[in-house]
């Protein structure tokens with residue numbers, strides 16, 4: 001099978017990278033501006049990147065890659081190379097879709113899995129991709145933004161179902177490809193806008209689901225919010241007999257033209273429905289990079305990484321004013337994942353956003369937390385937890401407390417706070433109309449304190 005729609009078998013030698021910055025177009029209006037050129041794309045060696053001289057002089061210019069392409073001491077016009085032992089720029093790779101989005105693009109271009117060069121996924125992802133970067137063929141190309149609305153979820157579901165079943169998508173549904181192809185992760189999903197223009201990530205059911213994933217993930221996010229973790233707004237939409245989870249995109253904000261968020265301000269606090277309707281607002285974009293990128297690791301190295309290593313990366317490369325908060329939160333997320341048995345906690349499911357006001361990267365809101373029902377008594381997370389490797393116990397989590405807290409007592413208190421909420425988990429799912437099947441599934445995922453901690457530590461947590 002060959003592509004008749006958009007052949008990439010002779011990839012371009014270069015591509016233009018754009019950045020969406022506050023006041024980018026004329027000093028006042030938000031918009032995309034050229035950041036630089038990605039070159040050497042059709043060679044056997046890693047690509048190079050060259051910042052534009054005009055770009056680095058812009059007031060709110062952002063780093064394309066925080067490790068390989070920092071703006072400190074950057075003069076522009078000089079070819080920059082990927083980090084040692086890497087084959088791509090992590091910050092640019094984060095702007096490409098993951099497994100699901102790649103399936104969408106391969107279906108769209110009518111090609112077999114794995115035959116496209118990396119640049120094809122970058123160019124076909126669409127301008128509503130995560131973060132503030134866009135990749136285009138030339139500096140003259142304009143952004144490609146889909147217009148999918150919530151009312152079109154039924155159509156998006158139809159297209160997603162065909163792609164998941166490896167069926168060709170009819171031509172009259174081609175218009176929905178862009179919203180589907182910009183998303184990461186492995187599950188079917190799409191980007192949609194609501195009646196106020198706010199961007200949401202719609203997560204669809206999959207044919208292999210053992211329960212309603214919209215309820216499982218939605219309830220878990222609400223539970224995390226109650227604990228005090230930073231979680232974007234969510235809602236569940238009924239589409240026929242299916243339920244779709246909608247998660248507010250935390251890499252977008254609405255404000256007056258040229259306005260930047262205050263340091264640490266959450267993007268959704270300025271949504272159009274929170275403000276007077278007579279105020280003219282523009283959509284701003286927030287730079288995003290995965291923990292994999294901030295840590296400067298390859299996919300292979302990531303398999304042996306740890307929460308301790310994320311903490312070290314935060315201390316080394318995070319915005320100074322948020323380091324203390326973020327290392328504590330990454331500990332709490334680790335403990336939360338242990339209680340919920342969320343073992344999809346790899347480095348692409350931890351991320352950072354660039355805070356323009358704080359002039360640095362801080363931990364992004366929580367995302368992609370899904371409880372896993374397993375029979376095994378001994379459970380593991382994807383990342384290393386402590387001195388006992390990936391074993392999902394609270395004793396293991398506490399074994400490296402100095403990486404996150406100034407004293408052990410604080411770490412135990414954090415565990416206790418999470419446990420107090422986790423032991424009362426049921427109402428958070430019942431509020432989302434969880435079925436009996438959903439609740440039975442969750443009972444096999446969530447565990448009691450005594451299952452996760454030694455008798456001595458269980459007593460300490462209870463009596464703290």
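The values are calculated or read from the model by the stated rules, or taken from the named source; none is laboratory data. Note that this is a predicted model, so its numbers are computed, not measured. Ideal geometry is used to build each Cβ from the backbone, glycine not excepted, and the neighbour counts take in all protein chains shown.
Take the residues in the range 188-222 that are over 17 Å from residue 239 (Cβ atoms) and modelled with pLDDT under 90, then tell me which one is surrounded by the most Cβ atoms within 10 Å (Cβ to Cβ). So the residue we want is 197. Pairing residues of the range 214-230 that are touching a residue at least 40 places away in the same chain (Cβ under 8 Å) and at positive phi with residues that are buried (at least 18 other Cβ atoms within 10 Å of the Cβ) and part of a helix (DSSP H, G or I), at Cβ distances under 8 Å and at least 6 apart in sequence or on separate chains, gives 228/332.
Of the set (1) more than 29 Å from residue 171 (Cα to Cα); (2) touching a helix residue (DSSP H, G or I) at 6+ places or on another chain (Cβ under 6 Å); (3) not in a loop (DSSP other than H, G, I, E, B), all apply to residue 107 but (1).
Based on this model, can you work out whether residue 80 counts as over 30 Å from residue 168 (Cα atoms) and not in a strand (DSSP E or B)?
Details: over 30 Å from residue 168 (Cα atoms): yes; not in a strand (DSSP E or B): no.
Criteria not met by residue 80.
Does residue 26 satisfy being touching a helix residue (DSSP H, G or I) at 6+ places or on another chain (Cβ under 9 Å), part of a loop (DSSP other than H, G, I, E, B) and either at pLDDT 75 or above or within 20 Å of residue 53 (Cα to Cα) (or both)? Spelling it out, it is not the case that residue 26 is touching a helix residue (DSSP H, G or I) at 6+ places or on another chain (Cβ under 9 Å), part of a loop (DSSP other than H, G, I, E, B) and either at pLDDT 75 or above or within 20 Å of residue 53 (Cα to Cα) (or both). Looking across the range 80-125 at every residue that is touching a strand residue (DSSP E or B) at 6+ places or on another chain (Cβ under 9 Å) and free of Cβ contacts under 8 Å to residues at least 60 places away in the same chain, the one that is surrounded by the fewest Cβ atoms within 10 Å (Cβ to Cβ) is identified as 81. Taken together, 74, 63 contain a single residue that is crowded, with 16+ Cβ neighbours inside 10 Å, in a loop (DSSP other than H, G, I, E, B) and touching a helix residue (DSSP H, G or I) at 6+ places or on another chain (Cβ under 6 Å), which is 74. All of (1) at pLDDT 90 or above; (2) under 18 Å from the mean Cα position of the chain (by Cα) hold for residue 81 with one exception: (2). Restricting attention to the range 299-333 and to residues that are touching a helix residue (DSSP H, G or I) at 6+ places or on another chain (Cβ under 8 Å) and modelled with pLDDT under 95, the residue that is farthest from residue 64 (Cα to Cα) turns out to be 302. Residue count for the range 350-364, restricted to those that are assigned to a loop (DSSP other than H, G, I, E, B) and buried (at least 19 other Cβ atoms within 10 Å of the Cβ): 3. The set of residues from the range 223-235 being surrounded by 17 or more Cβ atoms within 10 Å (Cβ to Cβ) and in a strand (DSSP E or B) comprises just one member, 234. Is there a residue in the range 42-50 that is under 24 Å from the mean Cα position of the chain (by Cα), outside any strand (DSSP E or B) and at pLDDT below 90? Within the range 42-50, not a single residue is under 24 Å from the mean Cα position of the chain (by Cα), outside any strand (DSSP E or B) and at pLDDT below 90. Take residue 349 and decide whether it is within 16 Å of the chain's Cα centre (by Cα) and either closer than 24 Å to residue 388 by Cβ or modelled with pLDDT under 95 (or both). So residue 349 passes the test. Just so you know, in the range 112-129 the residues that are closer than 10 Å to residue 8 by Cα and part of a loop (DSSP other than H, G, I, E, B) include one that is modelled with the lowest pLDDT, and it is 115.
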